[in-house]
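Inspection log for the structure reproduced underneath, given as structure tokens.
The values are calculated or read from the model by the stated rules, or taken from the named source; none is laboratory data. All values reported here derive from a predicted model rather than from experimental measurement. Note that we place each Cβ from the backbone using ideal geometry, even for glycine, and neighbour counts take in every protein chain shown.
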Amino acid sequence: MPILEVRSISMQFPAVRALDDVTLRFESGEVHGIIGENGAGKSTLMKILSGLYSPTEGSVVLDGSIVELDGVRAALAKGIAMIHQELNLVDELTVAENVFLGRELRRGIVLDRTTMEAETAAYLAEVHATIKPDAKVGDLSVAGKQLVEIAKALAVNASILIMDEPTAVLSEPEAEGLFELIRKLREKGVTVLYISHRLKEVCDICDRITVLRDGKFVGTIQGSEASPEVIAGMMVGRELSDFYPPKIPQPTGDPILSVDGLQVPGHVQHASFEVRPGEILGLAGLVGSGRTETAEAVVGARPTTGGEIRVAGVPTRIRNPRDAMKHGIAYVSEDRKALGLILDMSVIHNLTLPSLPDFGKFVTDQGKELECTESWKKRLDIRAGDLEASVLYLSGGNQQKVSLAKWLQTGPKVLILDEPTRGVDVGAKREIYDVIHSLAEQGLACVVISSELPEIIGLCHRAVVMREGRTVGEVSGDQLTEQSLMHLAAGVDAA
């Protein structure tokens, strides 16, 4: 008898039918991959199983009995925990306080911080995290927060553990540590439901793999029979040809943006790079190397204490993101939930927000706003049934496309994209690559920050590598390989 089943599950949102009559079985002690393009219904199904959503139709069966998962606490009480793709932590609390949130340990009426921090340290060690239990979560990187999410799920000792894109922002060593942990959990009889757009890791770690498409069940295959090519074909309903668009010739003109010796207190000691019109420049490095902080400083989102920024050769002071926009520099954040979008606002209002003055000086021309949004919806294939509905109801990948479109609408000369395909499926990745390639062909300078080395290699003309807050090298042409990037990023060739 399976430990968990979903029977004829459907889920209707105002803007879209996210699930349509899905039936699945999950066995005890297996790692079961749930795969599909953005909007396929994966995260919606997992949120039903974790108690966040109640299905419109259908039932959830646990150990042979139909159950009502009325909220996250009800799911946890039945042994189901979820590690969210969109981080679910309280920034103002410490790591230990987040791990034990709602289950605080006490000595009488006083919090037993010593025990909570000691147990948290043990959970963090299991995922090979070097984070201190008393650190404030708001001070951690996105990758650090992801590791805290995983530790938080371990702490509840769940029999069914749902992992939604757990490696999306992790470095390779951190991801390997997670895979080691998953294998240990499987040996203990824990069922792991695993969502990832990284198809190779799905094939490597999962016993069985289920594919959803457009909210419907496509099929389930054994992990031993799976390959990235087979899964990708099931996901999109067609074979995928070359993944990356052909590179345009390397531009040789004068740089449109030059960054020289930039310093960001506590994060960046010396960052330098330049990018030309029509060029796609990669900014590589391990998590914590200072890539994101450098980009945020360039657009005025972080204070600097040294260095120079030049736009078209002219020294430029950028105090805030609006200054950056005036100088033709746009930044698409890696954290779309906290920084990229206002989730309670509509697709239309999110997309037009940075360029709102273009739609009317005193009164907004709503017809013009709608026309603009419809245009970007078509160009980027944003899957949204109702553009006036909250962007919250879109899948993560479609939210990312809205975040990208809103900055393209400002007409930038330089576009900095921080992890542009984080949490994005294989089909949508190619669509985003095509957009970046097209923008470069039109003369836009693109800077791509990515933790996926094949993405840097396949998309970029050259790459600048950062390590411990410093620019440590640049590679291009035949030297642009995973080995050369990792040697620089990890300091293998350092004295």
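How do the pairs read when you match residues in segment 473-489 that are under 18 Å from ALA271 (Cβ atoms) with residues anywhere that are part of a helix (DSSP H, G or I) and β-branched (Val, Ile, Thr), using Cβ under 9 Å and keeping only pairs 6 or more apart or on different chains?
LEU485/ILE456; LEU485/ILE457
Quick check on this structure: which one of GLY266, GLY300 is crowded, with 19+ Cβ neighbours inside 10 Å and under 22 Å from THR471 (Cβ atoms)?
Working: GLY266 fails: crowded, with 19+ Cβ neighbours inside 10 Å.
Of GLY266, GLY300, the one residue that is crowded, with 19+ Cβ neighbours inside 10 Å and under 22 Å from THR471 (Cβ atoms) is GLY300.
If you take the residues in segment 388-418 that are part of a loop (DSSP other than H, G, I, E, B) and buried (at least 23 other Cβ atoms within 10 Å of the Cβ), which one is modelled with the lowest pLDDT?
Looking at residues that are part of a loop (DSSP other than H, G, I, E, B) and buried (at least 23 other Cβ atoms within 10 Å of the Cβ), I get SER395.
Looking at ALA168, ALA158, can you tell me which residue is of a type outside the set (Ser, Thr, Tyr), touching a residue at least 40 places away in the same chain (Cβ under 8 Å) and farther than 27 Å from GLN400 by Cα?
On the way: ALA168 fails: farther than 27 Å from GLN400 by Cα.
Going through ALA168, ALA158 in turn, the sole match is ALA158.
List the residue pairs whose Cβ atoms are under 6 Å apart, where the first residue sits in segment 57-79 and is on the phi > 0 side of the Ramachandran plot and in contact (Cβ under 8 Å) with a residue 60 or more places away in the chain, the second is buried (at least 16 other Cβ atoms within 10 Å of the Cβ) and of a type in the set (S, T, N, Q), and the two are 6 or more positions apart or on different chains.
Hits for this filter: GLY79/SER159.
Regarding segment 157-170, can at least one residue be identified that is farther than 15 Å from ILE83 by Cα and of a type outside the set (Ser, Thr, Tyr)?
The answer is no, given that none of the residues of segment 157-170 is farther than 15 Å from ILE83 by Cα and of a type outside the set (Ser, Thr, Tyr).
Against the condition under 24 Å from ALA271 (Cα atoms), assigned to a helix (DSSP H, G or I) and of a type in the set (A, V, I, L, M), how does LEU439 come out, does it pass?
No; evaluated as a whole, the condition is false for this residue.
Got a sec? Which strands (runs of 3 or more DSSP E) wholly within segment 204-303 have at least 1 residues that are within 21 Å of SER451 (Cα to Cα) and among the acidic types (Asp, Glu)? Steps first, please.
Working: elements: 208-213, 216-222, 257-264, 268-275, 280-284.
Strands (runs of 3 or more DSSP E) meeting the threshold: 268-275.
Which of the numbered conditions does ALA125 fail, given that it passes all the others? Conditions: (1) part of a helix (DSSP H, G or I); (2) buried (at least 22 other Cβ atoms within 10 Å of the Cβ).
Of the numbered conditions (1) part of a helix (DSSP H, G or I); (2) buried (at least 22 other Cβ atoms within 10 Å of the Cβ), the odd one out for ALA125 is (2).
Six or more apart or on different chains, Cβ atoms under 8 Å: show the pairs whose first residue is in segment 331-357 and closer than 26 Å to ALA445 by Cα and in contact (Cβ under 8 Å) with a residue 40 or more places away in the chain and whose second is assigned to a loop (DSSP other than H, G, I, E, B) and basic (Lys, Arg).
Sorted first by the residue in segment 331-357, then by its partner, the pairs are GLU334/ARG422.
What number of residues within segment 21-44 satisfy the criterion of being assigned to a strand (DSSP E or B), in contact with a Leu (Cβ under 7 Å, 6 or more places away or on another chain) and crowded, with 24+ Cβ neighbours inside 10 Å?
Taking segment 21-44 first, the residues assigned to a strand (DSSP E or B) are 21-26, 31-35.
Next, from what is left, pick out any that are in contact with a Leu (Cβ under 7 Å, 6 or more places away or on another chain): 22, 26, 32, 34.
Still in the running and crowded, with 24+ Cβ neighbours inside 10 Å: 34.
Residues in segment 21-44 being assigned to a strand (DSSP E or B), in contact with a Leu (Cβ under 7 Å, 6 or more places away or on another chain) and crowded, with 24+ Cβ neighbours inside 10 Å: 1 in total.
Mind listing whichever residues of segment 243-260 are small (Gly, Ala, Ser) and either touching a Leu at 6+ places or on another chain (Cβ under 8 Å) or surrounded by 13 or more Cβ atoms within 10 Å (Cβ to Cβ) (or both)?
Residue satisfying the conditions is SER258 alone.
Checking the conditions here, which among LYS377, LYS361 is out of contact with any Cys (no Cβ under 6 Å at 6 or more places or on another chain), modelled with pLDDT of 85 or more and either not polar (S, T, N, Q) or not in a loop (DSSP other than H, G, I, E, B) (or both)?
Only one candidate qualifies: LYS377.
Could you tell me whether segment 453-466 includes any residue that is acidic (Asp, Glu), assigned to a helix (DSSP H, G or I) and in contact (Cβ under 8 Å) with a residue 12 or more places away in the chain?
yes
Has segment 45-52 got at least one residue that is in contact (Cβ under 8 Å) with a residue 40 or more places away in the chain and surrounded by fewer than 20 Cβ atoms within 10 Å (Cβ to Cβ)?
No, that holds for no residue.
If we keep just the residues of segment 8-28 that are among the hydrophobic types (A, V, I, L, M, F, W, C) and under 24 Å from VAL192 (Cβ atoms), which is modelled with the lowest pLDDT?
Within segment 8-28, the match that is modelled with the lowest pLDDT is ALA18.
Taking into account only those residues within segment 419-454 that are surrounded by fewer than 24 Cβ atoms within 10 Å (Cβ to Cβ) and among the charged types (D, E, K, R), which is modelled with the highest pLDDT?
If we take residues in segment 419-454 being surrounded by fewer than 24 Cβ atoms within 10 Å (Cβ to Cβ) and among the charged types (D, E, K, R), then GLU441 is modelled with the highest pLDDT.
Among what's in segment 321-337 and is in a loop (DSSP other than H, G, I, E, B) and modelled with pLDDT of 95 or more, pick the residue that is surrounded by the fewest Cβ atoms within 10 Å (Cβ to Cβ).
GLY328
Give, as residue ranges, the strands (runs of 3 or more DSSP E) completely inside segment 45-113 that count at least 2 residues that are at pLDDT 90 or above and over 25 Å from ARG422 (Cβ atoms).
On the way: elements: 57-62, 65-67, 80-83.
Ranges flagged: 57-62, 65-67.
Looking only at segment 128-141, count how many residues are crowded, with 20+ Cβ neighbours inside 10 Å and at pLDDT below 85.
So the answer is 1.
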